[in-house]
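Notes for the one structure printed next.
The values are calculated or read from the model by the stated rules, or taken from the named source; none is laboratory data. Computed from a predicted structure; not experimentally measured. Every residue, glycine among them, receives a Cβ derived from its backbone with ideal geometry; neighbour counts consider all protein chains shown.
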Amino acid sequence: MATISSPGLGSGLDINGIVSKLMAVESQPLKAMAAKEASYQAKISALGGLKSALSSLQASANTLAQAGTYTGYSATSTNKEVLTATAANGNSAGSYAIQVTQLAKYHTLRTNGNYSSTAATFNTGTLSISVGSGSPVTITIDATNNTLAGIRDAINAANAGVTASIVNDGSAQRLVLTSKTLGSAGAITVSVSDSGSGGDNPLTDLASANLVQTQAAQDAQLTINGLSITRSSNTISDALDGVTLTLAGTGSTTLTVGKNTAAVVTAFDGFVKAFNEVKKQIDTIAQYDPETKKAAILTGDATVRGIASRLNQLVFESVSGLGDIARLSDIGVRLQKDGTLSLDTAKLTAALNDPNKDVKSLMTQTTSGNPGIAVRFKNEIAAMVEAKGLIDSRTEGINASIKDLQQRMEVFQRRLKSIEDRYRTQFSSLDSLVASLNQTSQFLSLQLARLSNTTTR
């Protein structure tokens with residue numbers, strides 16, 4: 001039968017409290033190991049943040065290492081309410097005065113009859129709808145579809161090159177036909193064969209002669225440097241070689257087609273920001289603060305120091321054989337005293353527009369022994385962030401230390417259990433001994449008291 005044990009009951013000693021305090025002392029090495037494990041985990045997290053920042057820098061460097069980054073062209077309109085444009089190449093590089101006098105429009109017709117309801121009926125017969133020079137599409141109107149709504153649905157189902165809809169203009173229901181073809185080539189013609197019976201309204205109401213034109217079928221008209229251009233669409237890709245014009249309204253604008261230096265400057269700006277983010281990460285995890293005299297989680301770490309040193313070296317490396325430029329500083333990218341990069345956009349733009357400065361080769365060439373700067377950054381960072389690279393190898397080393405530490409902690413925890421069991425056994429024996437001595441003391445005191453009483457008598 002199980003018994004209830006209350007350590008210290010016999011002796012009056014707080015055995016649980018004593019053992020707890022002794023074990024707190026014995027556990028100090030375990031707490032130190034737990035703190036060490038936490039620091040290892042913090043290092044892994046810090047390396048993960050650095051790897052992420054480096055990956056972003058690698059992506060930016062990869063953009064600058066692509067020849068296509070430097071060969072793009074842009075088409076800029078001074079009045080986007082008139083037109084916008086894109087350029088696929090530099091075949092039409094230059095400036096163009098453009099005057100848009102007319103936009104292309106879809107031909108639209110409506111009925112003129114005063115139909116009070118979409119259920120208004122028409123005589124049976126056929127509708128023949130033609131769009132531009134296309135073949136006519138014949139639609140049969142019979143007792144199953146001779147309402148205004150039924151005719152609309154029949155036209156739409158026939159795929160006749162027009163869209164039919166019904167609009168209530170406040171005075172009547174109007175059947176509206178809109179061409180699916182833009183410009184003069186989309187003009188709608190409707191001819192009718194009316195049976196003379198079957199409805200309240202003649203089917204001839206839908207013939208072209210009886211329809212009202214609400215929007216003419218018209219082509220876009222414009223001039224480019226005084227040359228007249230007419231097209232059936234508001235998107236024109238065959239007027240200027242490699243340039244697509246999207247007309248938006250009438251009026252004047254100047255279109256400039258040239259190298260897309262803005263996109264290249266944006267790519268360099270992204271690279272500089274990504275580099276500076278890496279610098280910020282390194283400072284956060286590895287810099288020693290002389291004011292607080294505290295080290296960061298990876299202060300003195302050889303891997304982090306090596307990465308920081310290599311990135312700074314890459315900024316100063318040069319590419320030979322390019323004439324007027326050889327380094328990043330020659331095109332406005334400089335390393336500042338605090339270790340961050342700065343970008344002189346004016347200097348970079350001037351270099352991009354200077355035919356004597358081969359910025360593209362400076363960044364992208366893959367010549368053995370003399371690669372471009374962006375190519376070097378891309379390749380060097382790959383060795384840092386790729387699987388089994390510098391950061392992964394350092395992380396694996398820390399994980400190995402964590403595994404070893406956890407094994408030691410398990411062994412130590414078993415040892416602590418053994419120590420606590422020993423303490424409890426020893427104090428339980430002491431409790432029993434003290435309890436026995438207390439009983440003996442009480443017995444002796446009682447006997448002495450009795451002896452004293454006997455002697456007194």
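With respect to the stated conditions, Arg174 fails to be of a type in the set (D, E, K, R), outside the structural domain of Thr244 (by TED's automatic domain parsing), free of Cβ contacts under 8 Å to residues at least 60 places away in the same chain and crowded, with 17+ Cβ neighbours inside 10 Å. Criterion first (acidic (Asp, Glu) and over 28 Å from Ala42 (Cα atoms)) does Asp354 satisfy it? Considered against the rule, which asks whether it is acidic (Asp, Glu) and over 28 Å from Ala42 (Cα atoms), Asp354 comes out as yes. Note on region 223-255: residues that are among the polar types (S, T, N, Q) and under 12 Å from Asn79 (Cβ atoms) total 4.
Can you say whether Ser329 is polar (S, T, N, Q), out of contact with any helix residue (DSSP H, G or I) (no Cβ under 9 Å at 6 or more places or on another chain) and over 25 Å from Leu47 (Cα atoms), as far as the supplied structure shows? For Ser329, the condition - polar (S, T, N, Q), out of contact with any helix residue (DSSP H, G or I) (no Cβ under 9 Å at 6 or more places or on another chain) and over 25 Å from Leu47 (Cα atoms) - is not met.
Determine whether Asp338 is of a type in the set (Asp, Glu) and modelled with pLDDT of 95 or more. Spelling it out, it is not the case that Asp338 is of a type in the set (Asp, Glu) and modelled with pLDDT of 95 or more. Looking only at region 123-158, how many residues end up being small (Gly, Ala, Ser) and more than 48 Å from the chain's Cα centre (by Cα)? Final tally of qualifying residues: 7.
Of the residues Thr121, Thr84, the single one that is under 28 Å from Ile236 (Cβ atoms) and either in contact (Cβ under 8 Å) with a residue 60 or more places away in the chain or in contact with a Pro (Cβ under 7 Å, 6 or more places away or on another chain) (or both) is Thr84. Taking region 38-57, which residues are more than 25 Å from Gly270 (Cα to Cα) and touching a residue at least 40 places away in the same chain (Cβ under 8 Å)? Within region 38-57, Ser39, Tyr40, Gln41, Ala42, Lys43, Ile44 qualify.
Among the candidates Gly369, Gly389, the residue that is surrounded by fewer than 10 Cβ atoms within 10 Å (Cβ to Cβ), under 39 Å from the mean Cα position of the chain (by Cα) and free of Cβ contacts under 8 Å to residues at least 24 places away in the same chain is uniquely Gly369. For region 190-233, enumerate the residues that are part of a strand (DSSP E or B), surrounded by 16 or more Cβ atoms within 10 Å (Cβ to Cβ) and within 55 Å of the chain's Cα centre (by Cα). Once the filter is applied, which keeps residues that are part of a strand (DSSP E or B), surrounded by 16 or more Cβ atoms within 10 Å (Cβ to Cβ) and within 55 Å of the chain's Cα centre (by Cα), region 190-233 yields Val190, Gln218, Ala220, Gln221, Leu222, Ile224, Ile229, Arg231.
Considering only region 430-442, I want to know if a residue exists there that is within 34 Å of the chain's Cα centre (by Cα), surrounded by fewer than 16 Cβ atoms within 10 Å (Cβ to Cβ) and assigned to a helix (DSSP H, G or I). Checking region 430-442: not a single residue is within 34 Å of the chain's Cα centre (by Cα), surrounded by fewer than 16 Cβ atoms within 10 Å (Cβ to Cβ) and assigned to a helix (DSSP H, G or I). The residue pairs whose first member lies in region 12-32 and is over 9 Å from Phe427 (Cβ atoms) and touching a residue at least 24 places away in the same chain (Cβ under 8 Å), whose second member is surrounded by 13 or more Cβ atoms within 10 Å (Cβ to Cβ) and of a type in the set (Lys, Arg), and whose beta carbons are closer than 9 Å, counting only pairs six or more residues apart or on different chains, are Glu26/Arg415.
So that you can scan it fast, the table gives a plain yes or no per residue for (1) touching a strand residue (DSSP E or B) at 6+ places or on another chain (Cβ under 8 Å); (2) farther than 30 Å from Val82 by Cα:
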| residue | (1), (2) |
| --- | --- |
| Thr256 | yes, no |
| Lys259 | yes, no |
| Asn276 | yes, yes |
| Ser318 | no, yes |
| Lys337 | no, yes |
| Leu341 | yes, yes |
| Asp344 | yes, yes |
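Screening Lys80 with (1) surrounded by 16 or more Cβ atoms within 10 Å (Cβ to Cβ); (2) out of contact with any Lys or Arg (no Cβ under 8 Å at 6 or more places or on another chain) gives one miss only, at (1). Taken together, the criteria exclude Ser60 from residues that are outside any loop (DSSP other than H, G, I, E, B), touching a residue at least 12 places away in the same chain (Cβ under 8 Å) and either surrounded by fewer than 20 Cβ atoms within 10 Å (Cβ to Cβ) or among the β-branched types (Val, Ile, Thr) (or both). Note on region 344-417: enclosed helices (runs of 4 or more DSSP H) holding 3 or more residues that are within 30 Å of Asp301 (Cα to Cα) are 373-385.
For region 114-126, a tally of residues being in contact with a helix residue (DSSP H, G or I) (Cβ under 6 Å, 6 or more places away or on another chain) and under 11 Å from Leu203 (Cβ atoms) returns 3.
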